[in-house]
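Engineer: Below you will find the structure I want to go over with you.
The numbers here are math on the coordinates, done by the rules we state, and not lab data. What you see is a predicted model, and the numbers here were worked out from it, not measured in a lab. Using ideal geometry, Cβ is built from the backbone for each residue, glycine included, and neighbour counts are taken over all protein chains shown.
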Amino acid sequence: MRPNLRTLVGSILLILLTLFYAWLTVAVASARLAESSGLTHLIFFATTGLFWILPAMWLVRWMYRPRENNGSRDD
């Protein structure tokens with residue numbers, strides 16, 4: 001895949017990942033932590049706020065990896 005196209009696809013996927021993850025986190029917090037203390041909310045959101053970095057890191061690494069040269073041109 002061409003680097004410009006990979007960057008475009010990766011950027012769109014990163015936005016979708018962020019939106020979906022935020023929606024999922026708030027939905028779980030609303031359903032499970034409604035009656036919990038503020039400290040529980042803080043721990044939950046701090047943990048889940050850092051956890052989304054793992055798939056995002058993989059996606060950014062994929063976006064910016066060097067182009068494979070297999071002898072063919074796809075320009």
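Engineer: In degrees from 0 to 90, rounded to the nearest 10, what is the angle of the helix 38-51 Cα long axis to the longest principal axis of the chain?
Structural biologist: Helix 38-51 sits at roughly 10 degrees to that axis.
Engineer: Follow-up question, since we're still on this one. When the chain is fully extended, how far beyond the present Cα-Cα distance does ALA34 get from TRP52, taking 0.36 nm per residue of separation? Could the numbers behind the result be given before it?
Structural biologist: Details: separation 18, 0.36 × 18 = 6.48 nm, distance 2.21 nm.
Result for the pair: 4.3 nm of gain on full extension.
Engineer: For the range 1-70, which trypsin sites (Lys or Arg not before Pro) pass both filters: DSSP loop (anything but H, G, I, E, B) and at most 13 other C-beta atoms within 10 Å? Present the calculation step by step, with values, prior to reporting the outcome.
Structural biologist: Values: sites: ARG6, ARG32, ARG61, ARG67; in loops: ARG67.
Those that pass, being in a loop and sparsely packed, are ARG67.
Engineer: With unit charges on the beta carbons (Lys and Arg positive, Asp and Glu negative) and the dipole taken about the Cα centre of the chain, which residue among THR18, MET63, LEU42 sits farthest to the positive side?
Structural biologist: Working it through, the farthest residue towards the positive pole turns out to be MET63.
Engineer: Something else now. With the cut-off at 18 Å, report for the chain the share of all Cα pairs above it, as a whole percent.
Structural biologist: Values: 1510 of 2775 pairs.
In whole percent, the long-distance tail amounts to 54.
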